[in-house]
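Computed from the coordinates by the stated procedures, all read-outs in this text should not be read as laboratory data. Remember, predicted model here, so these are calculated numbers, not experimental data. Backbone-built Cβ (ideal geometry, glycine too); neighbour counts: all protein chains shown.
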Amino acid sequence: MLSRFIQHWKRRSSIRLKKFLIEHLSGYAATFNPEEPIWQAGYYDFNVFSDDKAREKLEYMHGNPVKKGLVARADEWKHGSARWYLLKRSVGVEVTAIS
């Protein structure tokens with residue numbers, strides 16, 4: 001059931017998301033072809049049962065803009081939580097730390 005919801009959500013949100021990125025994050029939008037899908041194909045859920053696994057996933061997410069070449073360091077990406085975790089600087093939303 002969750003996978004069907006995600007599939008439906010991806011389909012409906014992709015058009016709006018592309019428009020938002022082009023209008024508000026043009027630098028980021030320039031890094032992808034708007035004709036290509038914005039979401040990865042497929043979906044599977046992944047349960048996180050430990051703080052160690054949560055940290056691993058968080059570090060993976062923080063590394064994505066670095067891997068893409070959008071920033072040199074994860075804390076330079078203003079749209080993620082790395083600045084809060086690494087520098088204790090505001091990211092515009094409340095962040096609840098992984099213990």
By how many nm would the segment from Trp39 to Lys57 lengthen if fully extended, with 0.36 nm per residue of separation less the alpha-carbon distance? 4.7 nm
Please state the relative contact order of the chain as a whole percent: Cα pairs under 8 Å, 6+ residues apart? 17 percent
Over the chain, the sum of -39500 (n - 2.57) across DSSP H runs of at least four, divided by residue number and rounded to 500 deg cm²/dmol, gives at 222 nm -16000 deg cm²/dmol
Connecting C-alpha atoms closer than 10 Å in a GNM of the chain, tell me which of Gly80, Gly63, Gly27 has the biggest fluctuation. Gly27
For Cα pairs less than 8 Å apart in space and 6+ apart in sequence, what is the mean separation divided by the residue count of the range 48-99, i.e. the relative contact order in percent? 25 percent
Cleavage-rule hits, chymotrypsin sites (Phe, Trp or Tyr not before Pro), the range 4-99, DSSP coil, Cβ neighbours within 10 Å at most 13: Phe32, Tyr44, Phe46, Phe49
Compute a Gaussian network model of the chain, connecting alpha carbons closer than 10 Å, and tell me which residue from Ala82, Ala41, Ala29 fluctuates the most. Ala41
Quick one, which of (1) 0.99; (2) 0.96; (3) 0.92 is the actual Rg/Rh (Cα atoms, Kirkwood Rh) calculated for this model? (1)
Across the chain, how many lysine pairs separated by 8 or more positions, or lying on different chains, have Cα atoms within less than 16 Å? 6
Per-residue Cβ contact counts at 10 Å, fewest first, order Met61, Met1 as Met1, Met61
Taking the alpha-carbon centre of each part, the distance from the range 6-28 to the range 65-80 in Å is 19 Å
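Once the Cβ-Cβ distance between Ser50 and Tyr28 is put in as r, and R0 is 35 Å, what FRET efficiency do you end up with, to the nearest 0.05?
0.60
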